[in-house]
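Structure first, commentary second.
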Amino acid sequence: MESPLFLLYASKKADIKKRLEELDKVKYESNERIFAELCFCLCTPQTRALSANKGVKELEKTGLLLSGKEEQVSEILKKSGVRFHNNKASWIILARNQFTRAGQMKIKGMLNTDDLTGLRNWLADNVKGLGMKEASHFLRNIGHGQDIAILDRHILTSALNHKVIKNIPESISKQHYLEIEQQLKRFAAFQRISLQELDMVWWSELGSLPLEEMK
């Protein structure tokens, strides 16, 4: 007999596959598009995905994402409902400087996607505002999330409810993050679901939340 979780996955499989195919295509898009996704992930902590997306889209539309001053970026984020907009504007400017060469955004050429483990560690250690969770989120959203976990509060709660973990830690070190990720990989394999599909299945348990708002 199939598990209730697998049955839930099976009922949503077509939508999940479609969403993952959309994310996989992002890796082939422009430097500016990849950078916008990084900025989105910088904005999501303690902020709804729709608000973060709204803020970044407005920054793109006005040209401020690649050329705006910090106070201009902050104002757009504030109007869009992004929490801690001043800090996040600062992070966006720092990241923009970090990935710009000779006045051009060059983020794609600066990301070594042949070594995703090393790349995630580098992002978490070197891009201000990104930790392991946000770095994982960014890689998933540009089509490189097949074997990584995004350990936000909802996923940790679901992992606890399914007895994958024994408690939800108040903070997660890099080593602890990797340990929980391995536990989730084993659980997902047992359920015959990929790790990124498991993430989306658990987010879908929130109810009518559309896939595009799943973080």
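Tell me which of these R83 doesn't satisfy, since it passes every other one: (1) among the basic types (K, R); (2) within 25 Å of M200 (Cβ to Cβ); (3) not in a loop (DSSP other than H, G, I, E, B). With respect to (1) among the basic types (K, R); (2) within 25 Å of M200 (Cβ to Cβ); (3) not in a loop (DSSP other than H, G, I, E, B), R83 is out only on (3). Of everything in the range 159-168 that's in contact (Cβ under 8 Å) with a residue 12 or more places away in the chain and surrounded by fewer than 20 Cβ atoms within 10 Å (Cβ to Cβ), which residue is nearest to the chain's Cα centre (by Cα)? The extreme case among them is I168.
Among the residues making up the range 39-56, a single one is β-branched (V, I, T) and under 15 Å from W203 (Cβ atoms): T44. If you check G103 against the conditions, is it touching a helix residue (DSSP H, G or I) at 6+ places or on another chain (Cβ under 7 Å) and not aromatic (F, W, Y)? For G103, the condition - touching a helix residue (DSSP H, G or I) at 6+ places or on another chain (Cβ under 7 Å) and not aromatic (F, W, Y) - is not met. Can you tell me which residue among E32, E37 is under 18 Å from I107 (Cα atoms), surrounded by fewer than 16 Cβ atoms within 10 Å (Cβ to Cβ) and in contact (Cβ under 8 Å) with a residue 60 or more places away in the chain? The unique qualifying residue is E32.
Residue by residue, here is whether (1) at positive phi; (2) assigned by TED's automatic domain parsing to the domain that holds D152; (3) hydroxyl-bearing (S, T, Y) holds:
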residue	(1), (2), (3)
A10	no, yes, no
L20	no, yes, no
T44	no, no, yes
K57	no, no, no
G63	yes, no, no
G81	yes, no, no
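For L123, state whether it is assigned by TED's automatic domain parsing to the domain that holds H176 and surrounded by 14 or more Cβ atoms within 10 Å (Cβ to Cβ). Considered against the rule, which asks whether it is assigned by TED's automatic domain parsing to the domain that holds H176 and surrounded by 14 or more Cβ atoms within 10 Å (Cβ to Cβ), L123 comes out as no. Give me the residue from the range 26-59 that is more than 24 Å from N126 (Cα to Cα) and in a helix (DSSP H, G or I) and, out of that set, farthest from the chain's Cα centre (by Cα). Ranking the qualifying residues of the range 26-59, first place goes to E58.
Looking at the structure I just gave you, is I93 part of a helix (DSSP H, G or I) and farther than 24 Å from D152 by Cβ? In short, yes. Restricting the range 1-25 to residues that are over 14 Å from I193 (Cβ atoms) and buried (at least 16 other Cβ atoms within 10 Å of the Cβ), the residue that is farthest from the chain's Cα centre (by Cα) is R19.
The values are calculated or read from the model by the stated rules, or taken from the named source; none is laboratory data. The structure displayed is predicted, hence computed values, not measured ones. Glycine also receives a Cβ, built like all others from the backbone with ideal geometry; neighbour counts cover every protein chain displayed.
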